[in-house]
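A quick write-up on the structure given underneath.
The values are calculated or read from the model by the stated rules, or taken from the named source; none is laboratory data. None of these values were measured; they are calculated from a predicted model. Cβ placement follows ideal geometry from the backbone for every residue including glycine, while neighbour counts extend to all protein chains displayed.
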Amino acid sequence: MTADHEHDNTPSDPPTSTSAKRWLQSPLRKWREEITSLLIALFSSFLIGGMLILLSGDNPLLAYAAIVKGAFGDSFGIASTITRGLPIIGAGIATGWAFKAGLINLGVEGQLLLGGMAAYIVAVSVPLSPILLLSLTILASMVAGGLWSMLSGWLETQFDVPILVSSLLMNFLAIGLVSYMINFHFLEVGGSRSQTPMIADIQRLPRLVPGTSLSAGLYLIIGLVIAAMFMLRRTAHGFELTMFGANREFAVSTGVNPVRMTLVTMFSSGMIAGMVGFILVFGVHYRMIDGALTGPGYAWTGMMAAIIANNNPVGIVVGGLFFSAVQTGSSAMERTHGIPFEISFVVQAIIILLVASRKGFSGLKRKDTT
Amino acid sequence: MFELEMRGIVKRFGNLTANADVNFSVKKGEIRALVGENGAGKTTLMRILFGLYPQDDGEIRLRGQVVKFHGPRDAIFNGIGMVHQHFMLFDDLTVTENVVFGKEPRHWGLFFDKRKAEQEVEELGNSFGLRIDPAALLGSLAVGERQRVEILKTLYRGANILILDEPTAVLTPQERDDLFVILRRLADQGKVIIFISHKLPEVMAISHTATVLRHGIVTGNVNTAESSPSDLARLMVGREVLLNFERRPQDPGEEVLSIRNLLLTQSSSRPILNDISFMVRAGEIVGLAGVAGNGQTDLVDIIVGLRKADQGNITIGGQDVTKKSILQRRQMGMSYIPEDRYQRGLAVEASVAENLALGFQRKPPIGKRGLIRPRAMQRWANNLINIYDIRVSSAREAAGNLSGGNLQKVVVAREFSHDSRLIIADQPTRGVDISAIEFIHKRIIERRDAGDAVLLVSADLDEIMSLSDRILVISEGRIVTDVLAKEADERELGLFMTGGHHATMKENLQ
C-alpha cells in the first residue's frame, strides 16, 4: 500500500539528539509516571479494601472515615500517629540502609530489641551523671545493635552464610536472649508481668506533648533521616554503598572492598536499629517489657516502608507515617466503632502488594542492538 | 522474482523511528549482507521479518505472496530461520536433541524416536554439507561446530531464508572459512542468506550484495563486487572512516606488567592456567588472542585482583602485587575495561554521571576528605561526555538507556581517566558499532603512544592483528605462541588458537 508513495526520507530525530524536548522527557516523565502509578495503586487498594470491609459486614466509608479521624482528627491522634511512626521510620531507615547496599538485613527486629536491652542494662547498672549516662546508653544501644547485625555480615563474608538467613534466624536468638534476661535477671519484683522495673525519672526522654507518648526521640529520628540523606548524597562512602548495591561486581572492580562494605553497612544498619530500641525503651515504655518491642511489628512495617520507598529516606518517612496513620487510625476505629483492628492489616497488605508490583513493570531496559 | 520482499517498512518506538520506509528485497540464492551501526535499524528490521513484532506500515512478501506474521512461529512456518549471535543450545544434550528440540519425531505421538531423529539430523547434515556428529554432546563442541548446530536447527524446520546475526564474531579464521563454504553451498541450493555483520572485510568476501542502513533508512544497496569496505563504511556512518591505523613505530620501554608462572587449578582435571608467563612493556600493546573459554577470563580476573592464582606472581612496575587488593593495583596505575560491561563495567540503573565517577569519589575534583561534591561530579561527567562524544541527553540519564557502543564509551572514558600506566582491555569493542570501535581503537593507540602498557584480550583476531605490537595466543590454559605482530600470520594464529580442538585441526590439515 505504501510502496507507491513518495516519502520524504528524512527520519525523525535519531536517538542521539540533544534537543531540549528530550531532556525534559527523561526525568520529568519518569516522575509523572511514578506518581500516577502510585496513586492508581493506592486508589485500587482502598477500593479492594473497601469491598472486603463490606463483605465482612461493616461500612467501608465509616471505617475509612474513622481511620482518618483516629490518625489525624485531634492532637492526640496526630501525636499518636507520629509516636508510632518514629520506630517505623527508624526501622525503615535501618533496613533501607542495608537494602540499598544490596544486603538483605532481616534482623532489624532482633537488633532493635538488643539495642533496647543493652541501653536498659547500662542505665540501671552504671552510676553516672544523667547527661553522661544518656550518651552512654544511646551508645550502648547502637553498639549492641550494630555488633549483632555485623555478626550476620561476618558469617557471610567468612562462611558464605547468606545474610538473609542468618539475620532472620538471629531474631529468634535475640528474642530468647532478651526474654531470658528480663525474666531471670532484671525481673520486677512483686509484679505479675514479665517486665523490668522502670528507669528513673531523670533518665527518661522528655515528653513533648503531655498526655501522649511522643518523646524527644522525635529529634533523634529527624536527625537520623537527615544524616541518612546526607551520607547517601554527599559522602564517598554513601556513593560507594549505593553503587555496591546497584552492581556489586562493578563496584568491586573499581576498588570497593566487599568485605569492608558488608561489615560496615551491617553494623550501621544494626546501629540504627539499636537506636530505635533505645527510643522505645527510654521514650515510650521506660522499661523492658517482654514482647512489647516486637509485638507491634515496627521492624516489619519499617521494612515494608523501605521497600515501597525504594530505600529512599524521604520516601521512608512518608511511607512510615502513612502506615503509622493506618495503624493508629485503625485502633481508634476499633475503639469507637467496633470494627476489628485487623482491617488495617488487610489494607496495608493490599497497598504493599499493589505498590510493590507496579515496580516490576518498569524493569531494567538493556539495549541489545546490533 | 524476489524470494523475499520487504516494502516500505516503517517501525516506530515512541518518538524514535527505527525503520523509515525500508525496502529490502532478496532473490533466491543470494547472500545479502545487512550492515549498519548500532541503532541503524538492522535488528529491528530482522525482528520484524522474524515475526517478533509487526511493522507499523509496509508489507512483507514471500515469493510474491503477502504474509502477516503474528509471532516467530508464523515466520518459522513460512521458512524463515534465525541464527542468533548468542547461541541458544543445551550443553547437556546431544547435537540431535538440540536440533530437533521442540519438533521431535515420535513413536505413536508420545515417545521420542531417538533413532529416527539421529537419522534425520545426519541426512540433513549430509545434504547441506554440514559436518556434525549427531550423537556428540553439545558441551564438547567448539564454537564453529556449535554454530553449525544452530544452522541445522533452522534447516530442520525448513528454513529457506536464513538470517545470521554477527556469525563470525567468535570464530577462528578457519571456522569462518568453513562457515563461508557452508553459506555458499546453501545459497547454491537456493536458500536466501541474510548476513548481519560489522566486519567489512568479511562482508566483501562472502556477500553478493549488501544493504546499508543508517538511522532507519537505506543509504545504499550495492553489488559487493563493485564496492569496497571504505564505501560501505561511508554509507554506514556518513563520513570517511579510518579503518586502518597508522601509529608510531614501537619504542617499548620498561616492563610494566609481568606475569610469572601462574598456575590455577580446578579439581581433578587439567589446570585452568598452566604455567603462564609473559610481560607487557611501556608503550606496547600486547594482544592475547584465543577462543573463548581457554583461560583468558580467569587470567584477567587474576591480573586485576578479583581472583587468586594457586601459584605464581604478578608485578606491576617492578612491585609484586600478587597479594594486593584491586584498589591497591589500581593505585599503582592499573585500569581495567571488563569483558562484560553490564556485568562489571556499569550499573545500568545508576546515572551516566555516577557510572563515570565511580573510582574517583575520594580524589579531587569530585572528592574531598570523604565528602563528594555533586556539582563537581556533574562537571566531570559532562566533560567526559564531551571528549568521548557519548550520545546521551543528559548526564543524569540512567545508563541503561544508552546503546551498547555508547555504554562502552562510558566505560572507556572512565577507565582512561585514571592516571594509569597499565591498561587491561578485555574485549573492548564487543557488541559495539563501527564508529565507536574506531573511536576506542584510536584511544587505545593514543595511550600506547603516550607510553602506557596495554594488554588487549580479544576473541576477535582482526582486532588483535590491527592493534597489537606483539601477539600471544592462549590455548587450554597455556601460552602457545608469542610473536611480533608484523611477523604474525592469520592462518597460523588461527591454528594455534584451535590447538586444543584436535578434531577441527585434523580436518583443516586434510
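Against the numbered list (1) farther than 26 Å from B:Val412 by Cα; (2) in contact with a helix residue (DSSP H, G or I) (Cβ under 9 Å, 6 or more places away or on another chain); (3) not hydroxyl-bearing (Ser, Thr, Tyr), A:Gly223 comes up short only at (2). Across the stretch A:175-186, not a single residue is classified as out of contact with any strand residue (DSSP E or B) (no Cβ under 9 Å at 6 or more places or on another chain), in a helix (DSSP H, G or I) and closer than 17 Å to A:Ala94 by Cα. Within the stretch B:332-357, the set of residues being crowded, with 20+ Cβ neighbours inside 10 Å, of a type in the set (A, V, I, L, M) and either part of a helix (DSSP H, G or I) or over 26 Å from the mean Cα position of the chain (by Cα) (or both) comprises B:Val352, B:Ala353, B:Leu356, B:Ala357.
Of the strands (runs of 3 or more DSSP E) lying entirely inside the stretch B:40-149, the ones with 3 or more residues being of a type in the set (A, V, I, L, M, F, W, C) are found at B:80-83.
One line per residue, one yes/no per condition, for (1) assigned to a loop (DSSP other than H, G, I, E, B); (2) in contact with a strand residue (DSSP E or B) (Cβ under 6 Å, 6 or more places away or on another chain); (3) without any contact (Cβ under 8 Å) to a residue 24 or more places away in the chain:
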residue	(1), (2), (3)
B:Pro201	no, no, no
B:Val212	no, yes, no
B:Thr219	no, yes, yes
B:Leu257	no, yes, no
B:Leu262	no, yes, no
B:Asn274	no, yes, no
B:Phe278	no, yes, no
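Summed over the stretch B:1-43, residues that are surrounded by 21 or more Cβ atoms within 10 Å (Cβ to Cβ) and at positive phi total 4. Taking the stretch B:356-394 as the range and being of a type in the set (D, E, K, R), over 19 Å from A:Thr242 (Cα atoms) and facing chain A (nearest Cβ under 10 Å) as the test, the residues that pass are B:Asp389, B:Arg391. Among the residues of the stretch B:335-353, are any more than 9 Å from chain A (Cβ to nearest Cβ), in contact (Cβ under 8 Å) with a residue 24 or more places away in the chain and in contact with a His (Cβ under 9 Å, 6 or more places away or on another chain)? For the stretch B:335-353, residues more than 9 Å from chain A (Cβ to nearest Cβ), in contact (Cβ under 8 Å) with a residue 24 or more places away in the chain and in contact with a His (Cβ under 9 Å, 6 or more places away or on another chain): present. Quick check on the stretch B:8-32: of everything there that is touching a residue at least 40 places away in the same chain (Cβ under 8 Å) and within 30 Å of B:Val181 (Cβ to Cβ), which residue is farthest from the other protein chains (Cβ to nearest Cβ)? For the stretch B:8-32, the residue satisfying everything is B:Gly29.
The number of residues in the stretch A:199-221 being more than 19 Å from A:Gly274 (Cα to Cα) and either assigned to a helix (DSSP H, G or I) or in contact with a Phe, Trp or Tyr (Cβ under 8 Å, 6 or more places away or on another chain) (or both) comes to 4.
Quick grid of which residues meet (1) surrounded by fewer than 24 Cβ atoms within 10 Å (Cβ to Cβ); (2) within 13 Å of chain B (Cβ to nearest Cβ); (3) in a helix (DSSP H, G or I):
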| residue | (1), (2), (3) |
| --- | --- |
| A:Gly223 | yes, no, yes |
| A:Met231 | yes, yes, yes |
| A:His237 | yes, yes, yes |
| A:Ala251 | no, yes, yes |
| A:Val256 | yes, yes, no |
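Of all the numbered requirements in (1) outside the structural domain of B:Pro338 (by TED's automatic domain parsing); (2) modelled with pLDDT of 90 or more; (3) under 20 Å from the mean Cα position of the chain (by Cα), B:Ala425 misses one, and that requirement is (1).
Identify all residues within the stretch B:232-278 that are modelled with pLDDT of 85 or more, of a type outside the set (A, V, I, L, M) and in contact with a Leu (Cβ under 9 Å, 6 or more places away or on another chain); write none if there are none. Passing the criteria: B:Thr265, B:Pro271, B:Asn274, B:Asp275, B:Ser277, B:Phe278.
Every residue, every condition in (1) more than 14 Å from chain B (Cβ to nearest Cβ); (2) over 28 Å from A:Phe76 (Cβ atoms); (3) among the small types (Gly, Ala, Ser), yes or no:
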position: A:Ile182; (1), (2), (3): yes, yes, no
position: A:Ser192; (1), (2), (3): yes, yes, yes
position: A:Ser213; (1), (2), (3): yes, no, yes
position: A:Met243; (1), (2), (3): no, yes, no
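Any residue in the stretch A:22-38 that is touching a residue at least 60 places away in the same chain (Cβ under 8 Å) and more than 30 Å from A:Met231 (Cα to Cα)? No, because not a single residue in the stretch A:22-38 is touching a residue at least 60 places away in the same chain (Cβ under 8 Å) and more than 30 Å from A:Met231 (Cα to Cα).
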